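Q: Sharing a structure with you now.
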Amino acid sequence: AQTVTQSQPEMSVQEAETVTLSCTYDTSENNYYLFWYKQPPSRQMILVIRQEAYKQQNATENRFSVNFQKAAKSFSLKISDSQLGDTAMYFCSLVTQGGSEKLVFGKGTKLTVNP
Amino acid sequence: NAGVTQTPKFQVLKTGQSMTLQCAQDMNHNSMYWYRQDPGMGLRLIYYSASEGTTDKGEVPNGYNVSRLNKREFSLRLESAAPSQTSVYFCASRGQGANYGYTFGSGTRLTVV
């Protein structure tokens, strides 16, 4: 079975600063994908960034980047130049290839960006 | 716009009432999923359908039934609602290969009183 753990229920950061959200996971599979989803107060689930396990290079999307440590099963999200619109719940998630490919979520981190 | 459409967006039920949450996607995705979101619990899988005509239980299936009516539609039914089923429900779909990612509906906030 796959598990995803987010150890920071809440975090806050000042506007324009950098913040890192932590995530660890466990799976016995070798082929999998990791995702960070953002859920603003509107409730919509928005894909922020994805990482293929077979790629060593860390994924980046504009101000968002990940630190993927496969051996340590760690997948942290770094948000640079934080903006007020980044205030949201952030969910780390994992899906393994093959079979039903069910997406497993962590419990989330509530991020508040302060002006 | 293409995507996943859920109805209704809000619903209040009395204990023991039944209702069906509707979900439809227009992206020709094979796989569809129902999740529930509770505070501090993340999203937990209720049921999923890997293809038209097949359904399987997820992590928290008790009290729910599903129907994969066709490739586009995947409904979730509460036969006898209980206060423990108060939650936000999300439908999602996924294309071929995990890299395609998941597309989520906007959610249904259900309150059972």
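The values are calculated or read from the model by the stated rules, or taken from the named source; none is laboratory data. This structure is a prediction, so every number in the text was calculated from the model and none was measured. Cβ: placed from backbone, ideal geometry, glycine included. Neighbour counts: every protein chain shown.
Q: Select, from B:GLN17, B:GLN6, B:GLN11, B:GLN22, the only residue that is under 10 Å from the mean Cα position of the chain (by Cα) and away from chain A (no Cβ under 14 Å).
A: On the way: B:GLN17 fails: under 10 Å from the mean Cα position of the chain (by Cα); B:GLN6 fails: away from chain A (no Cβ under 14 Å); B:GLN11 fails: under 10 Å from the mean Cα position of the chain (by Cα).
So the residue among B:GLN17, B:GLN6, B:GLN11, B:GLN22 that is under 10 Å from the mean Cα position of the chain (by Cα) and away from chain A (no Cβ under 14 Å) is B:GLN22.
Q: While we're here: Within 14 Å of another protein chain (Cβ to nearest Cβ), closer than 24 Å to B:TYR47 by Cα and surrounded by fewer than 19 Cβ atoms within 10 Å (Cβ to Cβ), is that true of A:THR96? Give the steps one after another, and end with the answer.
A: On the way: within 14 Å of another protein chain (Cβ to nearest Cβ): yes; closer than 24 Å to B:TYR47 by Cα: yes; surrounded by fewer than 19 Cβ atoms within 10 Å (Cβ to Cβ): no.
No, not satisfied.
Q: Something else now. Determine which member of the set A:TYR33, A:TYR25, A:TYR37, A:TYR54 is more than 14 Å from the chain's Cα centre (by Cα), of a type in the set (Phe, Trp, Tyr) and closer than 24 Å to A:LYS102 by Cβ. Spell out the reasoning first.
A: Working: A:TYR33 fails: more than 14 Å from the chain's Cα centre (by Cα); A:TYR25 fails: more than 14 Å from the chain's Cα centre (by Cα); A:TYR37 fails: more than 14 Å from the chain's Cα centre (by Cα).
It is A:TYR54.
Q: If I filter the range B:78-91 for residues that are out of contact with any Cys (no Cβ under 8 Å at 6 or more places or on another chain), farther than 22 Å from A:GLN97 by Cβ and β-branched (Val, Ile, Thr), do I get at least one hit?
A: The first filter runs over the range B:78-91 and keeps only residues out of contact with any Cys (no Cβ under 8 Å at 6 or more places or on another chain), leaving B:78-90.
When the remaining residues are screened for being farther than 22 Å from A:GLN97 by Cβ, the result is B:78-90.
Imposing the further condition that a residue be β-branched (Val, Ile, Thr) reduces the set to B:86, B:88.
Yes, that holds for at least one residue.
Q: Residues that are loosely packed, with under 13 Cβ neighbours inside 10 Å and in contact (Cβ under 8 Å) with a residue 40 or more places away in the chain, at least 1 per element: which strands (runs of 3 or more DSSP E) completely within the range B:8-71 meet that?
A: Numbers: elements: B:10-13, B:19-25, B:31-38, B:42-49, B:64-68.
Where strands (runs of 3 or more DSSP E) fall fully within the range B:8-71 and carry at least 1 residues being loosely packed, with under 13 Cβ neighbours inside 10 Å and in contact (Cβ under 8 Å) with a residue 40 or more places away in the chain, they are B:10-13.
Q: Do you know which residues across the range B:63-113 are closer than 27 Å to A:ARG50 by Cβ, facing chain A (nearest Cβ under 9 Å) and among the basic types (Lys, Arg)?
A: Scanning the range B:63-113 gives a single hit, B:ARG94.
Q: Against the definition (surrounded by 12 or more Cβ atoms within 10 Å (Cβ to Cβ), among the acidic types (Asp, Glu), modelled with pLDDT of 95 or more and farther than 28 Å from B:SER31 by Cβ), how does A:ASP81 come out, yes or no?
A: Details: surrounded by 12 or more Cβ atoms within 10 Å (Cβ to Cβ): no; among the acidic types (Asp, Glu): yes; modelled with pLDDT of 95 or more: yes; farther than 28 Å from B:SER31 by Cβ: yes.
So A:ASP81 does not fit the description; no.
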